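Visitor: This is the structure I have questions about; it appears just below.
The values are calculated or read from the model by the stated rules, or taken from the named source; none is laboratory data. What you see is a predicted model, and the numbers here were worked out from it, not measured in a lab. Neighbour counts are summed over all protein chains in view; Cβ atoms, including those assigned to glycine, are modelled from backbone coordinates with ideal geometry. The protein model used for the area step is the full one, side chains on, heavy atoms only, and it has no ligands, DNA or RNA in it. Shrake-Rupley method; radii C 1.70, N 1.55, O 1.52, S 1.80 Å.
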Amino acid sequence: DSQLPFSVGKGPPVKDIVPPEQLPFERFKFPDEDDVEPDDGPIPTMEIWATNVSEPKKIGLLLEHIRLNSDAYQTETLDHLKRIRRVTGSDESEPLTQLALAPHSESSPVPPSLPPDLSNFASSPFVVTVPSTHAVSQTQLARKTVLWPVCYYPMLETKKEKEWTKQEVEWMREGVKRATDVAREAKKELGELPIAAYVTSTFDSEAPASANSSWTDYDTRNSTYHPLRHACMNIIRKIASSDSALSTSPSTGNAQQQSYLLTGYTLFITHEPCIMCCMALLHSRVKDVVYIKPMPKTGGLGGRGPDEHQALVEDSVPGLKGVNHRFSIWRWTEDLDGNTEIDLDQAVDA
């Protein structure tokens, strides 16, 4: 018998990939995805006014003054920067605390003046060259921080779209079905609005290996007469209060980081979340959000349907300039049994 030049039945299994045009969902692309800085390219820079703060304990007073006078200090222009940095002084003794004040340009050639009670512990403003954009990779973060500390907003993978296996697509379909079933039951049995959410570990989960819990919840505004009892808010509250969430959430020793409940989790929801819920999801550091029904009047994820979604994504909460987390957004496009049972007035905040 002739020998085959390769082993049969050995090696990694071939992935059963679903062609993109057959996927029952679509991903919303953020407008800045196609404009990514190369890690090894020149660092784009700008000039700013900065000041040395001789009494670091009073830096909060300076920050409050800048916040209250945001127009004068053009704070939005510096949203990509950390406001404070510490550098070694010329005599290499105590490190200097420096504060970014405002942009410097031909249109802003004069530094903003600090009130006398604050200028007593802040030096005369001076010009510093800093990065003009945030970092989207660890390499960029390290390089840019040499000039001035910047914010780190890791981008979604954009150079190559994810390939979906049949198993992953079925996992998505099951998640959508779970949320829809809960919404229909809440409407039929309890008289609630047919809005429901389901949270589970992402298929290729970044959640801890022991985190195998999942949660469902629904909108309870009708029964509680409480305007904030949205499905998203209810399920986040449920996860926060559950013993399993507290024991499996990422533990870093930092109480604030431990409150990021949804790192490595996917949220399935029947309707595009409102702006309030999107902000709650942002703070919870959810990885993915999958919704079925776009809410063009009240939604916070840019849902106008497949023909117009690209323009509206610019208005999505995770796409806003200055936010410190970005989750991926998926819209389910396949018809579901009982889909019309969860229809809502599009003026309703979901």
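Visitor: Over 30 Å between C-alpha atoms is what I'm after, so list which of Lys29/Lys187; Lys177/Lys287; Lys29/Lys166; Lys58/Lys144; Lys29/Lys188 land there. Let's see the in-between values first.
Guide: Numbers: Lys29/Lys187 33 Å; Lys177/Lys287 19 Å; Lys29/Lys166 23 Å; Lys58/Lys144 27 Å; Lys29/Lys188 36 Å.
Too far apart for the 30 Å limit: Lys29/Lys187; Lys29/Lys188.
Visitor: Mind ranking 46-52, 287-293 by how tightly packed they are, going by the mean number of other C-beta atoms within 10 angstrom, highest first?
Guide: Values: 46-52: 19.9, 287-293: 22.0.
In decreasing order of mean packing, 46-52, 287-293 become 287-293, 46-52.
Visitor: In addition: At a 1.4 Å probe radius, carbon and sulfur cover how many percent of the accessible area of region 45-154?
Guide: Working: 3200 of 6060 Å².
Roughly 53 percent, rounded to a whole number.
Visitor: Among 214-223, 102-111, what's the highest-first ranking by average C-beta atoms within 10 angstrom per residue?
Guide: Ranking the peptides 214-223, 102-111 by packing returns 214-223, 102-111.
Visitor: Once Lys and Arg get +1 and Asp and Glu get -1 on their Cβ, which of Thr129, Tyr152, Asn69 lies farthest toward the positive end of the dipole of region 45-154?
Guide: Value computed over the given set: Tyr152.
Visitor: Using only C-alpha atoms and all pairs of different ones, pull out the Kirkwood radius for region 23-104 in Å with one decimal.
Guide: Result for region 23-104, one decimal place: 15.8 Å.
Visitor: How far apart, in nanometres, would the label points at Asp79 and Glu64 be if each is projected 7 angstrom from Cα along the Cα-to-Cβ direction?
Guide: About 2.5 nm separates the two model spin labels.
Visitor: Between Trp164 and residues 5 or more places away or on another chain, which pairs have amide H atoms under 5 Å apart, with H built 1.01 Å from N, and which residues are they?
Guide: Residues meeting the amide H criterion: Val18.
Visitor: Counting only Cα atoms, I'd like the Rg/Rh figure for region 45-154, Kirkwood definition for Rh.
Guide: Details: Rg = 13.8 Å, Rh = 14.4 Å.
For region 45-154, the value is 0.96.
Visitor: Report the label-to-label distance for Thr224 and Glu47 in nanometres (one decimal), using points 7 Å from each Cα along the Cα→Cβ vector.
Guide: Result: 5.4 nm between the two label points.
Visitor: I've got another one for you. At 0.36 nm per residue, minus the direct Cα-Cα distance, what do Asp343 and Glu185 gain on full extension? Give it in nm, one decimal, please. Write down the numbers at each step before the final one.
Guide: Numbers: separation 158, 0.36 × 158 = 56.88 nm, distance 1.37 nm.
Going from the current span to full extension adds 55.5 nm.
Visitor: Could I ask something else about it? If I model a spin label at Leu320 and Ile17 as a point 7 Å from the Cα along the Cα→Cβ vector, what separation in nanometres do I get?
Guide: Distance between label points: 3.7 nm.
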